[in-house]
1. So which residues in the stretch 258-277 are without any contact (Cβ under 8 Å) to a residue 24 or more places away in the chain and either surrounded by 14 or more Cβ atoms within 10 Å (Cβ to Cβ) or under 25 Å from residue 289 (Cα atoms) (or both)?
2. In the stretch 150-167, is there at least one residue being of a type outside the set (A, V, I, L, M, F, W, C), within 16 Å of the ligand (Cβ to nearest atom) and either assigned to a helix (DSSP H, G or I) or under 25 Å from residue 288 (Cβ atoms) (or both)?
3. Please state which one of 243, 293, 216, 260 is touching a strand residue (DSSP E or B) at 6+ places or on another chain (Cβ under 7 Å), among the small types (Gly, Ala, Ser) and outside any strand (DSSP E or B).
4. Report the residue count in the stretch 169-204 for those that are closer than 14 Å to residue 151 by Cα, part of a helix (DSSP H, G or I) and in contact with a strand residue (DSSP E or B) (Cβ under 8 Å, 6 or more places away or on another chain).
5. Checking residue 288 against (1) modelled with pLDDT under 95; (2) within 15 Å of residue 51 (Cβ to Cβ), which test does it fail?
6. In the stretch 45-71, which residue that is assigned to a loop (DSSP other than H, G, I, E, B) and away from the ligand (no atom under 16 Å from the Cβ) is nearest to residue 141 (Cα to Cα)?
7. Here is a list of conditions, (1) outside any strand (DSSP E or B); (2) under 21 Å from residue 140 (Cα atoms); (3) among the basic types (Lys, Arg), and residue 92 meets all of them except one; can you say which number that is?
8. Please go through the stretch 230-256 and give me each residue that is farther than 21 Å from residue 139 by Cα and within 13 Å of the ligand (Cβ to nearest atom), ordered by number.
Amino acid sequence: MAEMIGAESHLAAHAPLRDLARGRNKLIGAAVAVSPLADEERYREILAREFNLVTPENAMKFGPIHPGPEEYDFSGADAIVSFAKTHGMMVRGHTLVWHNQLPDWITNGTYSRDQLAAILREHIHTVVGRYRGNVRFWDVVNEGLTDDGRLRETVWSRVIGPEYLALAFQWAHEADPSALLFYNDYNGEGLNVKSDGIYQMVRSLRDDGVPIHGVGLQMHVGLRNHPRPCDVLANQERLTALGLETQITEMDVQIQKAPGSIAERLKEQARIYHDTLALCLAAPRCTAFVTWGFTDRHSWIPHFTHHRDQPLLFDDAYQPKPAYEALRAAFLEE
Ligand code: G3I
């Protein structure tokens, strides 16, 4: 008997994240970039070994996938969906309606309400329909509110009106009734005016019978800027009381411009990753924990902040960091 326990603990001690996640009935995912997926064997090897969920970092956004009025480019998205199928992974589609990375023919167009609504409906039906049955979750609307909890003024809200939110979910549901449809946002993970705005918006959509199934909490945080776990848990619980799933959808933890040695900062980073996964494990309907990339070698943050950083689970030589070990520890805790 003792050797059995020893074997099990040995297995757990070396099991990849996806095996530990399966044991806790959770999905563990990462955002995937098309180029390293195509070019780097180590990238593919670790992605397939450690994760059971992937989300395209950019390939399914409006601009990359629908660059011209009559032109779609599914090559990047197809490569990621194909990789996921080969390796028994689920897919989170990201994202159907956003105000960023739109093609010029949308941002510079002069469309009537009905014309733009028809364009968006055709986009959603074409993209969701192509991956019907192969994309389990969709970020239907991304970042539709501002930090004060009000509707963000975008080409969609300006030309179609606030009803673009409900229409987008309706069209996505028509295109794939089996997909679970999410609203996804940042800075609204804990309890604040933004998460209150998200809560009221999704409650209103649910009350109107709109097919929305979950809320994505992005969790782009830093050592000196992260919500209290108890607040994130309370926010998840009130969303779940509406009948919604929640997911941590884009986590990374910036360590730049924070005090302490690199080792001290990586240890604090690990604690933040640990505590966030632990609250997702504790929240009954937190169904997935996704990091925005998985190696410091490929993170959006240095391009955005123009400053080196080490925000993810593996370093830029693909070696596991304290943050990776912290997620393992969280999965292994009862
Ligand atoms: O692909 C083009 C390339 O052809 C061109 O040469 C190059 C230089 O202009 O740009 C490349 O596109 C860039 C793209 O990333 C792919 O690398 C875009 O300029 C750049 O804006 C884009 O940044 C992405 C950003 O969203 C905006 O879409 C980041 O990689 C991506 O990590 C980031 O992800 C977002 C989530 O979608 C939503 N939540 C916030 C998160 C971080 O901003």
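1. 263, 264 - these are the residues of the stretch 258-277 that are without any contact (Cβ under 8 Å) to a residue 24 or more places away in the chain and either surrounded by 14 or more Cβ atoms within 10 Å (Cβ to Cβ) or under 25 Å from residue 289 (Cα atoms) (or both).
2. Checked against the condition, which is being of a type outside the set (A, V, I, L, M, F, W, C), within 16 Å of the ligand (Cβ to nearest atom) and either assigned to a helix (DSSP H, G or I) or under 25 Å from residue 288 (Cβ atoms) (or both), the stretch 150-167 yields at least one hit.
3. From the options 243, 293, 216, 260, the qualifying one is 293.
4. 5
5. (1)
6. As a first pass, look at the stretch 45-71 and keep what is assigned to a loop (DSSP other than H, G, I, E, B): 51-52, 57-61, 66-67, 69-70.
Pick out the ones that are also away from the ligand (no atom under 16 Å from the Cβ) and you get 51-52, 69-70.
Working: 51: 24, 52: 23, 69: 20, 70: 22 Å.
Among them, the one singled out is 69.
7. It is condition (1) that residue 92 fails.
8. 254, the sole residue that qualifies.
The values are calculated or read from the model by the stated rules, or taken from the named source; none is laboratory data. Model, not experiment: these values are computed from the prediction. Note that we place each Cβ from the backbone using ideal geometry, even for glycine, and neighbour counts take in every protein chain shown.
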